[in-house]
Amino acid sequence: MIELVVALTAFTYGSNFFLYLLLRQKEKMHDIEKLSIFFGVNMTLLLLDGVFVIIGKVIADSGVTVLE
């Protein structure tokens, strides 16, 4: 379970860094537009992280051996 949390944390921060690099190149966008994109992407990532944690917990509790 710890490995899943570490992987999801790396996924979240990696996605935010990629988005930062992408938005840094676009100079015509206003700051409010950039912030709204950041918040929208972060909310989507948090939703996906929660879904992955729930699925991981269900798999761990069911006794299914994965990658061992």
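The values are calculated or read from the model by the stated rules, or taken from the named source; none is laboratory data. Note that the structure is predicted; figures quoted are calculated from it, not measured. Don't worry about glycine lacking a Cβ; one is built from the backbone with ideal geometry, like all the others, and counts go over all protein chains shown. Ligands, DNA and RNA are excluded from the accessible area calculation, which covers all protein heavy atoms including side chains. Shrake-Rupley method; radii C 1.70, N 1.55, O 1.52, S 1.80 Å.
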**Fill in**
The local net charge around Lys57, scoring Lys/Arg +1 and Asp/Glu -1 for residues other than Lys57 whose Cβ lies under 14 Å from its Cβ, equals -3
**Asked** Given the rule -39500 (n - 2.57) for each run of at least 4 DSSP H residues, summed and divided by the residues of the chain, what is its mean residue ellipticity at 222 nm, to the nearest 500 deg cm²/dmol?
**Response** -29500 deg cm²/dmol
**Request:** Quick one: pull the percent of accessible area on segment 1-60 belonging to carbon and sulfur, 1.4 Å probe, ligands and nucleic acids left out.
**Result:** 75
**Prompt:** Helix 2-25 versus the longest principal axis of the chain: what is the Cα-based angle in degrees, 0 to 90, to the nearest 10?
**Reply:** 10
**Fill in**
Expressed per residue, the solvent accessible area of the chain in Å² (1.4 Å probe) is about 84
**Item:** Mean Cβ neighbour count within 10 Å, used as a protection proxy, ranking 25-33, 47-55 highest first
**Value:** 47-55, 25-33
**Request:** Lys and Arg at +1, Asp and Glu at -1: add these up for the other residues within a Cβ distance under 13 Å of Thr9 and post the number.
**Result:** -2
**Item:** Size descriptor, Kirkwood hydrodynamic radius, that averages inverse alpha-carbon separations across the chain, Å
**Value:** 13.8
